[in-house]
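Written out below as structure tokens is the structure these notes cover.
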Amino acid sequence: MVLRKKGKYLLTIIFLMILFCACGRSKESVEAQTYKVYYVNSEETAIFSKEFATQTTDTLDLIDELLLQMSVIPERLEYKAPISGNVTLLKSVLAEGQLTLSFDETYKQLPVTTEVLIRAAIVRTVTQVEGVSYVSFQIKSEPLTDASGTVLGFMSADLFIDNAGDEINTYERVKLPLYLANETGDGLKKITRSVVYNSNISTERLIVEQLILGALENEKVYPTINPNTKIISVNVKDGICYVDLDNTFLTQIYNVTSDVTIYSITNSLVELSNVNKVQISINGNINVTYRENTSLSTVFERNLELVE
């Protein structure tokens, strides 16, 4: 009997040792993932990245971990942590791929160029997390606006273009040619809108953003695109501007024809010297019919017959 009991104890100990080793191997098998955490340089003229490795895989935990990294102030102050000083993060909320970050009111005290760099650093960092496609900023519960008072809305990483290491903090004023609807919604009117913007945004994207924004109070034109439409990407290659939008674009809430909407985008973009044609897609898909009569597989060219 004693031998049997000792044997049982021995087997139990061996089993626990095997289980412990297996758990240890399981933990070790989780490979660290490397992310780029972006910071602002000490001169506050550009952003740069430092690699950060972590074994965290849970989406919310990973977001918190990256945000924490951006709040750590370096000992020698050789660069600026984006979430430090006048930048106090109150909370973060993730819903359907959209991360909303709420800051306290001191965020509004940031110089314009510094704010753009901080925003670029944060957006570029957290959108690396799988499940985070867009980021929006709030001051408490109010959406953040740019220098012209326009709500910035949800931002993706490609909004912050850093061409060949160029600084991304320069603000410019540009006059944009925009085609918006007439009063009856069956034709287009051309207007010129003066916009102050940061030069890291491509002009093509800026035009699409302004079309989605719609008509301003002092403009005798009408909107053509659902204002809740989100831009996925806007790129130009070989004279064709590729505009990728989300599904919201397909839901038209204004009394305008499908041609008015399509050529509002096309005519506005073709005004640019580097754009000859426009291809519109929905979540990367061109095999879509817009309002049952317009195939988006078409590469659209300028149409002046609709213009008054």
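Among residues of segment 176-201 that are in the same structural domain as V307 (by TED's automatic domain parsing) and of a type in the set (G, A, S), those with a beta-carbon under 6 Å from a residue that is exposed (fewer than 15 other Cβ atoms within 10 Å of the Cβ) and modelled with pLDDT under 95 at least six positions away or on a different chain give the pairs G185/N255; G187/E308; S194/K175; S199/T170; S199/E172.
Residues in segment 191-217 that are at pLDDT below 85 and under 26 Å from L250 (Cα atoms) were compared, and the one that is nearest to the chain's Cα centre (by Cα) is I201. Taken over segment 267-276, residues that are out of contact with any helix residue (DSSP H, G or I) (no Cβ under 7 Å at 6 or more places or on another chain) and assigned to a loop (DSSP other than H, G, I, E, B) amount to 3. Evaluation of I253 against the conditions (1) surrounded by 12 or more Cβ atoms within 10 Å (Cβ to Cβ); (2) within 16 Å of A181 (Cβ to Cβ); (3) modelled with pLDDT under 95 shows that the sole unmet condition is (1).
Kindly provide the set of residues from segment 211-225 that are over 16 Å from Y263 (Cβ atoms) and either touching a helix residue (DSSP H, G or I) at 6+ places or on another chain (Cβ under 9 Å) or assigned to a helix (DSSP H, G or I) (or both), ordered by number. Passing the criteria: only L213.
Residues in segment 53-85 that are under 23 Å from V116 (Cβ atoms), touching a Phe, Trp or Tyr at 6+ places or on another chain (Cβ under 9 Å) and of a type outside the set (A, V, I, L, M): Q69, P74, Y79, K80, P82. Residues in segment 108-156 that are of a type in the set (G, A, S) and over 25 Å from T54 (Cα atoms): 5 in all. Of the numbered criteria (1) surrounded by 15 or more Cβ atoms within 10 Å (Cβ to Cβ); (2) at pLDDT below 85; (3) assigned by TED's automatic domain parsing to the domain that holds I225, the one D158 fails is (3).
Comparison of I47, I18 shows that the only residue that is surrounded by 14 or more Cβ atoms within 10 Å (Cβ to Cβ) and at pLDDT below 90 is I47.
Among the residues of segment 230-266, those identified as part of a strand (DSSP E or B), farther than 14 Å from N283 by Cα and among the hydrophobic types (A, V, I, L, M, F, W, C) are V236, I240, C241. Within segment 277-302, the residues that satisfy the criterion of being without any contact (Cβ under 8 Å) to a residue 24 or more places away in the chain and in a strand (DSSP E or B) are N285, T289, S295. Looking across segment 116-153, the residues that are small (G, A, S), over 18 Å from A95 (Cα atoms) and under 13 Å from the mean Cα position of the chain (by Cα) come down to A120, A121.
The values are calculated or read from the model by the stated rules, or taken from the named source; none is laboratory data. Worth saying up front: this structure is predicted, and the values here are computed from it rather than measured. Methodologically, a virtual Cβ is constructed for each residue, glycine included, from the backbone with ideal geometry; neighbour enumeration extends over all protein chains shown.
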